1. Based on the inverse mean of 1/r over its pairs of different Cα atoms, what is the Kirkwood hydrodynamic radius of segment 292-389, in Å?
2. Across segment 531-604, how large is the tail of the calculated P(r) beyond 22 Å, expressed as a percent of all Cα pairs?
3. Compute the angle between helix 537-553 and the longest alpha-carbon principal axis of the chain, please, reported from 0 to 90 degrees and rounded to the nearest 10.
4. If one computes P(r) from the Cα atoms of segment 45-95, what percent of pairs lie at distances over 14 Å?
5. For segment 209-400, what relative contact order do you get, as a whole percent, if you take Cα pairs closer than 8 Å and at least 6 residues apart?
6. Treating only the Cβ atoms of Lys and Arg (+1) and Asp and Glu (-1) as charged, compute the dipole magnitude of the chain about its Cα centre; round to the nearest 20 debye.
7. Please provide three numbers in whole Å: the alpha-carbon extents of segment 4-201 along the principal axes, with the largest listed first.
8. Considering amide H positions built from the backbone, and no H for Pro or chain starts, which residues 5 or more places from Glu331, or on another chain, come under 5 Å of its amide H?
Amino acid sequence: MTSPALDILRRVFGYPAFRGDQAQVVDHLVGGGDALVLMPTGGGKSLCYQIPALLRPGVGVVVSPLIALMQDQVDALLLAGVRAAFLNSSLDFNSVVDTERRLMRGELDLIYVAPERLLTDRFIGLLDQLVERDQLALFAIDEAHCVSQWGHDFRPEYIQLSKLHERYPQVPRIALTATADELTRQEIISRLGLDNARIFVSSFDRPNIRYTIVERDNPRKQLLAFLADHRGTAGIVYCLSRRKVDETAAWLCEQGIAALPYHAGLDAGTRQKHQQRFLREDGIVMVATIAFGMGIDKPDVRFVAHLDLPKSLEAYYQETGRAGRDGEPSEGWMTYGLNDVVIHRQMIEESPSPVEQKRVERQKLDAMLAYCESARCRRVVLLNYFGEEAVACGNCDVCIDPPQVWDGTVAAQKALSAALRTGQRFGAGHLIDLLRGKNTDKMKQFGHDSLPTFGVGADMDDMGWRSVFRQLLAGGLLEADAQAYGALKLTDEARPVLKGETTLTLRRHAVRTKSKAVKKTREKVGTGATIAASDSPLFDALRGWRADKAREQGVPAYVILHDRTLHELATLRPQSLTALLDVPGIGLAKAERYGEALLELLRDG
């Protein structure tokens with residue numbers, strides 16, 4: 001006998017079975033329990049609260065910080081036959097009143113609310129009335145890591161969400177996030193009062209994403225070479241500064257790539273227009289600061305590129321996780337250099353944050369740098385950071401093209417000695433000039449051309465020495481003094497190496513023209529539809545039909561049907577409405593709405 005939850009999954013959402021912990025989470029929430037759910041992007045978190053909201057009496061209230069994306073989430077639910085709405089500042093007064101009336105008349109299954117609106121006296125009054133009628137099904141707190149002051153997306157209003165439990169202790173709550181280390185998890189539990197919640201932790205692994213990190217040399221040239229394999233596909237390029245975003249987007253447009261800028265310095269109308277184009281058009285590349293991306297629901301983002309180092313592994317995981325939500329092969333690519341570490345250090349030291357928070361942020365930056373410089377599988381290092389065991393993946397640059405390692409003890413001693421003999425007051429550029437014996441004006445000005453270390457590293461080029469200094473920073477033997485413009489200082493861990501009491505293995509700097517990771521053949525990943533199906537005329541016809549429907553209805557194409565569903569249609573070619581319902585992603589409402597048109601297309605194809 002099919003359970004009520006499984007029946008809704010199949011009938012409404014069109015999926016044959018639950019994945020991972022979904023069924024357990026749904027059952028726990030339907031039974032009235034609280035839950036903290038850590039599940040990777042694309043892992044199906046939304047179903048964990050949408051199905052319980054349909055099974056429990058009343059309306060499910062979803063707290064989301066993402067005003068611009070609520071519309072798309074609601075549109076997708078409406079197409080699936082779910083009565084959904086949102087309340088946020090984009091609505092005029094009459095629309096707000098109309099939505100509130102529908103809410104109080106019991107005409108909604110789910111309502112999405114921004115946290116600042118949820119906590120107003122007006123909305124709390126509506127919730128009080130719903131509770132009195134036993135018509136409040138649950139609270140879902142999406143992007144729950146926003147509650148963490150240690151995290152990368154801290155939102156002060158999220159801390160106040162603890163009031164929900166204090167005022168409505170009988171209403172079950174579910175907090176969801178795709179990214180949280182142990183420290184962030186504990187803060188979510190503490191700040192939201194989830195001490196008695198059941199914790200569900202799915203694997204953080206995103207096996208369809210290929211991770212590649214390259215040393216910064218000529219970043220624009222490197223980015224263009226990477227994008228050559230992604231022409232016509234949607235992607236995101238992250239930059240640290242607004243100026244770099246604007247300049248990079250303009251330059252990409254000059255190269256014939258449809259690129260748009262996005263950062264907090266643009267007016268709200270421009271940001272919304274650019275985001276809508278990214279979500280609703282094919283092949284747009286968004287160049288952005290971290291102001292863009294949290295909760296991006298677009299499933300067919302094929303790559304995320306970083307032109308600057310993220311400030312933590314959580315941020316890196318969250319940002320790269322915006323690629324490949326549909327499970328198809330995707331890439332996370334990054335180029336970085338020593339200067340990134342100096343800039344991040346300065347940002348940490350100059351921030352008004354408390355001392356303890358700065359200490360945590362420095363640790364997170366160190367872990368990010370260590371990840372970049374590791375000679376181990378990228379996925380193993382990343383998953384280990386989140387407390388998950390893993391084996392080498394075969395789908396990252398380190399696995400595909402393993403770096404050579406060498407005994408770098410002597411080179412490290414030379415580098416450390418150069419920093420020490422110059423008073424630990426200079427950055428890597430000057431120290432490399434010293435080691436290579438370059439007679440610059442600055443060298444003569446400080447008398448460094450007469451030091452014993454002058455010229456002792458002439459056998460290695462600049463890039464080789466930069467690699468050594470990065471690895472010494474990553475290994476904690478050096479630290480960048482942000483208050484001295486990135487001057488490199490020795491740590492206590494450097495002394496055993498300097499004294500010859502221990503040896504040091506380093507990864508060898510290598511010049512790569514084009515990563516083998518990019519050249520490797522794309523594989524079938526976790527779906528019954530082969531990539532070959534996406535090259536067929538039928539698939540193209542289905543995409544064209546979907547694009548027309550999306551334009552007619554003013555929604556993103558993926559709200560109509562995901563690419564994966566189109567792959568399945570092109571492969572299975574169902575010939576009846578009953579067979580159509582066997583295709584993942586097509587529930588009753590979509591079959592009734594689009595069935596005849598799809599079957600006609602499939603017959604003609």
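1. When all Cα pairs of segment 292-389 are included, the Kirkwood radius is 14.6 Å.
2. In whole percent, the share of Cα-Cα pairs in segment 531-604 beyond 22 Å is 11.
3. Helix 537-553 and the main axis of the chain meet at about 70 degrees.
4. Summing the P(r) tail past 14 Å for segment 45-95 gives 56 percent.
5. Normalised by residue count, the contact order of segment 209-400 is 26 percent.
6. 1040 debye
7. Sorted from largest, the Cα extents of segment 4-201 read 44, 39, 31 Å.
8. Arg210, Phe303, Val304
FYI, it's all coordinate maths here, none of it is from the lab. Everything numeric in this text was worked out from a predicted model, so none of it was measured. Glycine also receives a Cβ, built like all others from the backbone with ideal geometry; neighbour counts cover every protein chain displayed.
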